[in-house]
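Note sheet for the following structure.
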Amino acid sequence: MKKKGLSTKDVVAIGIGAAVFLILFKFIAIPTGIPNTQINVAQSWLSLLSVIFSPIVGFFVAIIGHSLNDAISYGSVWWSWVIADGIYALIFAVLVKRANLLQGKLTAFKLIWFNISQAIANVIAWLVVAPILDILIYAEPANKVFLQGGLSVVVNIISTAIIGTTLVSLYIKNKGQQELLRKED
């Protein structure tokens, strides 16, 4: 019988994952020239954790890490984007799960599916969820928030395609080597 809820391993992954997400989000970001929108490697980390653990772990890493970053950096939390980050992790992890990335060898199909999944999740999170919540919660002008969301989609897809694909590839390669070592023992 499968246990419901989060395991101890999941809770630890959320804590450590959110801390690393916060550090990456806060200190490794490249300004884009559009206010409050930057190229960030934290989403690649989030994508990796969502693949390794689960949609729920990814969701909580995003919610906690992003809200802590906002609170520390700006003094308040911009909930529309925090929620969008969590939604990204949920959607991405559910979609990418179909490719069984962590089972067997890493194939071109798996990498393509990884990137299709992250592109779909990015479009939904940053071109639908974040702008609509910005308008509903903060009464932000539509042209501003859709511009920010559109730019976020582009930079997140590109950075996750490069950094996220590299992280997942390295993780799977390392995992395979560890399994070979266990077989030799």
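The numbers here are math on the coordinates, done by the rules we state, and not lab data. Here the structure is a predicted model, which means the values were calculated and not measured. Here the Cβ positions follow ideal geometry from the backbone for every residue, glycine too, while neighbour counts run over all protein chains shown.
When only Cα pairs below 8 angstrom with a gap of at least 6 residues are kept, the stretch 84-185 shows a relative contact order of 30 percent.
In degrees between 0 and 90, to the nearest 10, how far off the longest principal axis of the chain does helix 42-52 point, with axes built from Cα atoms? That works out to roughly 40 degrees.
To the nearest ten degrees, helix 108-124 and the longest principal axis of the Cα atoms of the chain are 20 degrees apart.
Comparing 26, 144, 97 in a Gaussian network model of the chain (Cα springs below 10 Å), the most mobile by mean-square fluctuation is 144. Note on the chain: GNM, Cα springs under 10 Å; of 139, 125, 89, the largest mean-square fluctuation is that of 139.
Relative to the dominant Cα principal axis of the chain, helix 79-97 is inclined by about 30°.
Taking every DSSP helix (H) stretch of at least 4 residues in the chain, weighting each as -39,500 (n - 2.57) and dividing the sum by the residue count yields a mean residue ellipticity at 222 nm of -24000 deg cm²/dmol.
Among 115, 156, 36, the residue with the largest mean-square fluctuation in a Gaussian network model of the chain, with springs joining Cα atoms closer than 10 Å, is 36. So I have [x] 163; [y] 130; [z] 223, and one of them is volume of the Cα convex hull per residue in Å³ calculated from this model. Which one is it? Matching the structure shown: [y]. Ordered by the number of other Cβ atoms lying within 10 Å of each residue's own Cβ, fewest first, 67, 152 fall into the sequence 67, 152.
Taking only C-alpha pairs under 8 Å that are 6+ residues apart, what is the relative contact order of the chain in percent?
That works out to 23 percent.
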